[in-house]
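The values are calculated or read from the model by the stated rules, or taken from the named source; none is laboratory data. What you are looking at is a predicted structure, and each value in this text was computed from that prediction instead of being measured. Cβ atoms come from the backbone with ideal geometry, glycine included; neighbour counts cover every protein chain shown. Surface accessibility is based on the protein's heavy atoms, side chains included, excluding ligands, DNA and RNA. Shrake-Rupley method; radii C 1.70, N 1.55, O 1.52, S 1.80 Å.
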Amino acid sequence: MSASLPGNRDLPPSQYDLSTYWGRVRHAADISDPRTLFVSSSGLEQAKRLISSYKQSHAPAMTPDLWRAKKVVDATLHPDTGEPVFLPFRMSCYVLSNLVVTAGMLTPGLQATGTLMWQIANQSLNVAINNANANKSTPLSVSQMAKSYLMAVSASCSVALGLNALVPRLKGISPNTKLILGRLVPFAAVASASALNVFLMRGEEIRQGIDVYPVLSEAEKAKREETGEAVQSLGKSKKAATLAVGETAISRVLNATPIMVLPPLILVKLEKTAWLKARPRMIMPLNLGLVLTTSLFALPLALGAFPQRQAISAQSLEDEFHGRGGKDGQVEFNRGM
């Protein structure tokens, strides 16, 4: 993100308090704001110039224009590479990219072929999003990516098809309960496969570790601004990588839960109304509307569950990092999104 832009002065991490959950939710709402997708390449360059002017001390303080520029940069550029994330796989496009796929998986009455196709489409999209937003200090090879993709698709399809076959055979429950359970099958498949997908696509981070950096004190930040010296990595930590990948997997499940649970349950109720029975063609538009509305609220709540730039005690990592932390003995790393 802004760290890759020229200048020694550090930007404030956010206009919100990232030590609180609600502050992180508001910050995540900025990063995932679909309106940033309409910023042109010239608009992005202008935002980068504004940020650089602050980092080079040409701007005395953060202004509303600078905060807007930071929002555009944070929503567009990858924090490790400084390059724009491919548009369909940005968090600001996450809701729109997932809309059709999610609505497809939640379509009532899907047969085995339809279930299979939508699960493949969903996991293909998840692979692309997880790879595009992962920590880039430990890249994944093409062969590893292909292997992880096949395993994730196989897992989601197995869960979905297995539960679709199991639910009709359940005994001792009412037809309405069977209907509700059937509608929740996509949630079980997506929740389990989404978590597995993150671990598979970012497994190399756990095996090799990710870069960790000392947390700088205010005095050290001021000195770095004067000298222009870059903060050097302390090395790669597998424990930090495990924490980063695990938290990202949890956030994916937290995001999928309301999206895959609320719309089908609401739709079950609506389908019993006389109005919708007389207008069956409205089922799909209603489904899309429910998924879109739920997604817009759920994504920031899920992304805010854990900090993106995470600080932890150096003592909680491998022995080689003990005693090498910065301020308050802490180190930090990019968790990824």
Multiply the residue gap between ALA188 and ARG68 by 0.36 nm, knock off their C-alpha separation, and tell me the result in nm, one decimal place. 39.4 nm
How large a share of the accessible area of the chain, in percent, is made up of carbon and sulfur atoms when the probe is 1.4 Å and the other protein chains stay in place? 63
So how much slack lies between LYS238 and MET117, counting 0.36 nm per residue of separation and subtracting their Cα-Cα distance, in nm? 40.0 nm
Run lengths n ≥ 4 of DSSP H only: what is the helix-derived mean residue ellipticity at 222 nm for the chain, with -39500 (n - 2.57) per run over all residues, to the nearest 500? -19500 deg cm²/dmol
I want the local charge near ALA189. Using Cβ-Cβ distances under 14 Å, sum +1 for each Lys or Arg and -1 for each Asp or Glu among the other residues. +2
Partner lysines for LYS223 [C-alpha distance under 17 Å; skip if fewer than 8 residues away on the same chain]: LYS55, LYS327
If you put +1 on each Lys and Arg Cβ and -1 on each Asp and Glu Cβ, how big is the dipole of region 176-264 around its Cα centre, in Debye rounded to 20? 600
Entries in LYS48/LYS238; LYS171/LYS272; LYS178/LYS269; LYS171/LYS269; LYS70/LYS147; LYS71/LYS136 that, when Cα-Cα distance is taken, lie over 25 Å: LYS48/LYS238; LYS70/LYS147
Just subtract the alpha-carbon distance of SER141 and ALA274 from 0.36 nm times their residue separation and send over the number in nm, one decimal. 42.5 nm
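Sorted by mean Cβ packing within 10 Å, highest first, what order do the peptides 195-205, 179-189 take? Provide the component values of the computation, followed by the final result.
Numbers: 195-205: 23.4, 179-189: 20.0.
Peptide ranking by packing, descending: 195-205, 179-189.
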Could you give the dipole magnitude of region 196-337 about its Cα centre, charging the beta-carbon of Lys and Arg +1 and that of Asp and Glu -1, in debye to the nearest 20? 1080
Quick note, region 5-81: a/c under 1.5 would make it rounded; otherwise a/b > b/c is prolate and the rest oblate (a ≥ b ≥ c, C-alpha gyration tensor); here it is oblate
Roughly how many Å is it from the Cα centre of region 147-211 to that of region 269-337, as a whole number? 18
Kyte-Doolittle mean at least -1.0, axial Cα span of 27 Å or more - DSSP H helices of the chain: 112-132, 142-166, 175-201, 238-270, 283-303
Given bins 5 angstrom wide, list per bin the percent of all Cα-Cα distances in region 1-136, short to long. 2, 10, 17, 18, 17, 13, 8, 6, 4, 3, 1, 1, 0
Please calculate how many Å² of accessible area the chain carries per residue, with a 1.4 Å probe and no DNA, RNA or ligand atoms counted. 48
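I'd like the FRET efficiency for PHE38 and ASP328, computed as 1/(1 + (r/R0)^6) with the beta carbon distance as r and R0 of 35 Å, rounded to 0.05.
Once rounded, the FRET efficiency stands at 0.30.
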Given 97-109, 212-224, the highest-first ranking by average Cβ count within 10 Å works out to 97-109, 212-224
Lys, Arg +1 and Asp, Glu -1 on Cβ, resulting dipole of the chain about Cα centre, debye, nearest 20: 1460
What distance in nm separates the two pseudo spin-label positions at MET284 and ARG309, each 7 Å out from Cα along the beta-carbon direction? 4.5
Treating cross-link reach as a plain straight distance, find the aspartates and glutamates whose alpha-carbon is under 17 Å from the alpha-carbon of LYS239, omitting any fewer than eight places away in the same chain. GLU204, GLU205, ASP211, GLU247, GLU318, ASP319, GLU320, GLU332
Using the Kirkwood radius over C-alpha pairs as Rh, can you work out the diffusion coefficient of region 257-337 via Stokes-Einstein at 25 °C, viscosity 0.890 mPa s, in µm² per second? 150
